[in-house]
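This report refers to the structure that appears directly beneath it.
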Amino acid sequence: MKRSGKWFNVLAVSSALILTVTACSGNNTKGTANVETTNSSAQEGRQAVVLGQSDFKYTFYGNYDWYTAPGEWGKDATSKWILDNKKVTMEVITSDGAAAQKLNTMIASDTLPDVIWTDKFGTDYERLRAAGQLVPLDDYLDKYPNLKRLVGESTLNMLRASDGKLYQIPNWYSNKPLGNAGWMINNKIYKALGSPKLETYDDLYSYLKLVKEKYPDVTPLDLNKGAEGNIFMYSGFAEGRLPTYVEQKAYIEGDTFKSIYKDPVYAETVKYINKLVQEKLISQDLLTQKEDQIKEKLNTGKIAVLVAYDVTEPSNTNELEWKKNDPEADYEVIWPVHKAGLDKNKIINNPYSTLGWNVSLITKSAKDPEAIFAFYDWMASEEGQNVLCFGPPGWLWDEVDAEGSPIANENWTTVSDDEKTAAKLFDWNYVGNSSFVDSSKGKIEMTLPEDKRNQTAVAQMNVTWKTTQDTTEFGGITPPSDSNEGLIAQRVNDIYTETFGKIMFAKSEAEIDKLIESGYEQSMKVGHQELMDYLQTKWKENKEKLGK
Amino acid sequence: MRTATNKSTIYKRERGKLYELSRQWELQVMVLPAVILIFIFSYLPMYGVLMAFQDYNIFEGMANSPWVGLKHFEMFFQSPEFSNVMRNTIVISLLKLCIGFPAPIILALFLNEVNRMWFKRLTQTVSYLPHFMSWVIISGFAASILAVDNGSLNLLLEKTGLIDEPINFLSTSKYFWVILASANVWKEIGFSSIVYLAAIASIDPQIYEAAAVDGASRFKRMFIITIPSIMPIVMVFFVLAIGNLLSAGFEDILLLGSSPVVQDVAQVIDTYVYKYGIQSSRLSYATAVGLFKSAISVVLLFGANKMARKYGGGLW
């Protein structure tokens with residue numbers, strides 16, 4: 001008995017080991033197998049690829065920690081229509097919460113996906129390009145009708161790499177203002193408190209005090225996670241001030257980049273926010289609270305005023321739990337609060353870039369990059385955008401107008417939000433055309449009765465798209481993270497976050513001045529000037545390219 | 001083995017080695033997987049440390065990346081974070097060593113004196129449960145206990161009149177080390193005490209009886225019997241702890257020290273490697289800093305072992 005027990009142990013341990021070893025070697029063979037699938041892109045004189053003739057599959061990697069696949073391809077109405085009609089399958093590879101590590105692993109083991117969805121001009125784009133891992137798209141541009149026409153020559157030129165070739169397919173590119181950042185109020189509390197004037201920072205201060213007095217369990221002002229809202233408060237302290245200045249830790253005076261610590265507007269902003277924190281008008285956990293905590297507060301109506309990157313989505317109260325139990329529950333996006341005496345139309349909360357948000361890159365691992373490009377070209381077309389954003393034809397819309405925008409049918413209002421969510425509208429769109437989709441959405445909303453309108457679209461049209469400025473010239477000016485300037489940028493950012501945090505909890509204005517001064521000196525010591533020179537050079541280059 | 005001194009015994013052992021090995025071959029087979037595992041996962045990847053002396057290019061691989069000597073080490077030593085990171089690493093490790101190391105021994109000694117079996121079992125179970133929770137959960141506990149709005153600790157202190165207004169524990173630098181050390185003790189004290197309890201259990205009860213007959217009090221018995229008897233085990237664990245001195249921790253610091261305000265006291269070598277190396281794709285730099293840490297750890301381990309051997313303990 002005892003002996004057989006021993007034997008069992010030996011067997012168990014060795015089989016476990018064998019499993020590990022084989023699992024290991026399994027990975028290895030996969031790695032080498034993929035090496036052979038080098039590109040065959042340069043097929044001169046090839047006929048343009050026509051989608052829908054044969055099955056075609058490609059892999060897609062979303063290079064973000066937060067990215068998860070919208071669902072399984074072909075299981076929802078949108079992707080099923082594409083699968084049925086275009087015979088294309090997109091296989092999503094997710095990062096499992098560690099995008100940088102996953103991409104490094106894929107590079108090191110030669111198992112790059114066919115398409116990488118990542119930040120435009122990001123570090124990863126730059127190093128993949130420099131290593132010759134990306135497929136240049138210039139040859140395809142003329143061969144397929146849509147991308148070149150819709151994105152436009154000047155935007156494509158801005159997206160070109162230093163070698164003059166184009167590798168990036170933009171997502172949510174635009175030729176008109178856009179953005180979702182700004183201010184939002186809890187309308188129920190606001191009305192209950194008598195709808196006081198809420199335009200200047202003085203109005204805001206008295207309103208927040210009133211909220212704290214009457215609703216002790218409500219957070220008067222929330223700046224969202226990481227206190228991100230502070231940059232929009234900054235832009236309300238002067239006309240034409242971009243939130244971007246705080247993000248890049250440098251403001252522009254004339255044509256020169258100067259340290260944000262030397263910006264009087266910045267000092268005024270942080271002193272004001274500090275006052276609100278000290279008087280408990282902003283949550284004391286403003287730097288440490290997680291996204292879920294904020295969502296929870298929003299879902300239960302426990303935030304009176306919110307400043308955030310995206311206020312248009314939470315303002316759509318129809319989807320909130322709160323609304324289900326309380327018919328009065330309502331959020332509303334308001335015009336940015338600003339310093340008294342400023343022209344409210346010159347307050348900028350939404351710097352936007354015609355280049356859009358991010359990009360897709362086709363790698364040399366792709367067996368048939370041209371087919372992938374053809375598919376992207378179709379997705380970018382009016383038809384593609386309509387299917388991806390408003391569902392397959394015959395469901396919510398049947399026909400399109402002269403500009404290609406869908407005309408909503410009766411299903412548009414009767415189909416529930418849950419059903420629309422299940423159809424993954426918007427979720428599969430990785431080559432979004434902001435101008436087209438937004439104007440289509442706007443046209444449809446305007447034909448609907450007021451109570452059926454989507455509040456997100458209304459808020460965008462009335463407020464956030466009016467507090468914008470074209471800042472395309474800032475596109476891709478940040479240095480790659482593994483360069484010397486990238487290292488400086490990281491240090492400057494770290495010093496900044498720490499300084500900002502300390503300012504929030506400072507006890508006096510003198511202490512704030514001292515912290516700002518020390519932040520300035522520390523950043524200069526690690527090379528902030530060098531970084532600002534770099535940014536300035538790149539910025540000027542961009543301006544020249546744009547002819548500004 | 002160290003007792004084998006004269007020639008005849010050595011000869012006997014040499015001749016007997018193969019024979020003994022063949023007699024216990026089943027046992028050796030059981031060890032083999034572990035040896036192979038360690039070889040594959042601990043020794044083979046070690047060639048990767050060569051990256052520290054290269055400007056590693058992930059696309060070219062190690063064979064084609066240029067050699068740059070000690071460039072990355074110099075970069076680390078000259079970086080503005082170096083002194084801060086080293087100070088935090090050493091302080092946090094020493095704190096963990098001075099508080100986290102003796103705590104489970106003291107718990108084991110006290111538990112050993114508990115007469116009521118049910119109470120002893122209950123305490124043991126309750127105290128070792130946190131070990132099985134991940135730091136994500138523990139830091140969540142800590143964050144809600146220490147929160148400013150409705151945090152239990154602040155409420156308690158306020159209700160008892162010790163403070164007038166809530167303290168922002170997680171965003172105040174001076175509290176960070178204390179919070180970190182306490183959270184670590186709380187998480188690991190029960191589990192680490194198991195091995196000491198086992199050691200205490202193996203002490204011959206007759207020794208205690210004899211001491212009791214001689215009139216030694218319970219405290220006296222603890223000091224003259226229990227502590228000396230478990231000393232060898234304590235020494236072994238102490239040497240191992242010294243070897244880990246520069247491993248100040250990673251998850252706990254990353255999660256508890258998330259507030260930007262505490263970065264000046266929370267940045268340690270491991271979090272630095274993660275942030276400045278891996279997250280920004282500076283792989284060679286990350287390797288160099290990691291290698292530096294390992295080198296110092298090995299020196300510390302040998303030093304501690306040498307010292308321990310003087311007092312009769314030691315790993316080898």
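The values are calculated or read from the model by the stated rules, or taken from the named source; none is laboratory data. Just so it is clear, the model here is predicted, and its values are computed rather than measured. Every residue, glycine among them, receives a Cβ derived from its backbone with ideal geometry; neighbour counts consider all protein chains shown.
Table for the structure above
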| item | result |
| --- | --- |
| Selection status of B:ILE38, more than 10 Å from chain A (Cβ to nearest Cβ) and either among the β-branched types (Val, Ile, Thr) or not in a helix (DSSP H, G or I) (or both) | yes |
| Residue check, A:LYS30 more than 14 Å from chain B (Cβ to nearest Cβ) and at pLDDT 90 or above | no |
| Yes/no for B:GLY257 being in contact (Cβ under 8 Å) with a residue 24 or more places away in the chain, at positive phi and more than 9 Å from every other protein chain (Cβ to nearest Cβ) | no |
| Flag for B:VAL31 being away from chain A (no Cβ under 14 Å), assigned to a helix (DSSP H, G or I) and loosely packed, with under 15 Cβ neighbours inside 10 Å | no |
| Number of positions in the stretch B:69-118 that are within 14 Å of another protein chain (Cβ to nearest Cβ) and part of a loop (DSSP other than H, G, I, E, B) | 3 |
| Tally of residues being in a helix (DSSP H, G or I) and either buried (at least 18 other Cβ atoms within 10 Å of the Cβ) or not assigned by TED's automatic domain parsing to the domain that holds A:ALA304 (or both) across the stretch A:186-200 | 4 |
| Failed condition for B:ALA52, given (1) assigned by TED's automatic domain parsing to the domain that holds B:SER229; (2) more than 18 Å from the chain's Cα centre (by Cα) | (1) |
| Subset of the stretch B:166-182 [assigned to a helix (DSSP H, G or I) and closer than 18 Å to B:GLN263 by Cα] | B:PHE169, B:LEU170, B:SER171, B:SER173, B:LYS174, B:TYR175, B:PHE176, B:TRP177, B:VAL178, B:ILE179, B:LEU180, B:ALA181 |
| Strands (runs of 3 or more DSSP E) fully within the stretch A:59-174 counting 1 or more residues that are within 14 Å of another protein chain (Cβ to nearest Cβ) | A:115-119 |
| Within the stretch A:499-548, considering residues that are of a type in the set (Gly, Ala, Ser) and surrounded by fewer than 18 Cβ atoms within 10 Å (Cβ to Cβ), the one nearest to the chain's Cα centre (by Cα) | A:GLY547 |
| B:ILE269 vs. criteria in contact with a Lys or Arg (Cβ under 7 Å, 6 or more places away or on another chain), at pLDDT 85 or above and within 16 Å of B:VAL85 (Cβ to Cβ) | yes |
| Unique residue being crowded, with 18+ Cβ neighbours inside 10 Å and part of a helix (DSSP H, G or I) when the list is A:LEU178, A:LEU208, A:LEU221 | A:LEU208 |
| A:LYS452 vs. criteria of a type in the set (Lys, Arg), modelled with pLDDT of 85 or more and surrounded by fewer than 19 Cβ atoms within 10 Å (Cβ to Cβ) | no |
| Any chance A:LEU355 is more than 14 Å from every other protein chain (Cβ to nearest Cβ) and not polar (S, T, N, Q) | yes |
| Exclusive hit being in the same structural domain as B:ARG221 (by TED's automatic domain parsing) and closer than 30 Å to A:ALA506 by Cβ, set B:ALA147, B:ALA108, B:ALA103 | B:ALA147 |
| Flag if A:ASP96 is over 16 Å from A:TYR430 (Cβ atoms) and at pLDDT below 90 | yes |
| Meets criteria (outside any loop (DSSP other than H, G, I, E, B) and more than 14 Å from chain A (Cβ to nearest Cβ)) for B:ALA142 | no |
| Test: residue in the stretch B:45-67 that is within 10 Å of chain A (Cβ to nearest Cβ), at pLDDT 90 or above and assigned to a helix (DSSP H, G or I) | no |
| Selection count, the stretch A:496-527, where residues are farther than 24 Å from B:ILE167 by Cα, part of a helix (DSSP H, G or I), at the interface with chain B (Cβ under 9 Å from one of its Cβ atoms) and touching a residue at least 24 places away in the same chain (Cβ under 8 Å) | 1 |
| Among the candidates B:VAL234, B:VAL299, B:VAL262, residue that is within 14 Å of another protein chain (Cβ to nearest Cβ), β-branched (Val, Ile, Thr), part of a helix (DSSP H, G or I) and over 13 Å from the mean Cα position of the chain (by Cα) | B:VAL262 |
| The stretch B:31-48 residues that are over 23 Å from B:LEU291 (Cβ atoms), paired with ones that are in a helix (DSSP H, G or I) (beta carbon under 7 Å, 6 or more apart) | B:PRO33/A:VAL13; B:PRO33/A:SER14; B:PRO33/A:LEU17; B:ILE36/A:LEU17 |
| Output for the stretch A:477-492, where each listed residue is touching a residue at least 24 places away in the same chain (Cβ under 8 Å), within 10 Å of chain B (Cβ to nearest Cβ) and under 23 Å from the mean Cα position of the chain (by Cα) | A:PRO480, A:SER481, A:ASP482, A:GLY486, A:ALA489 |
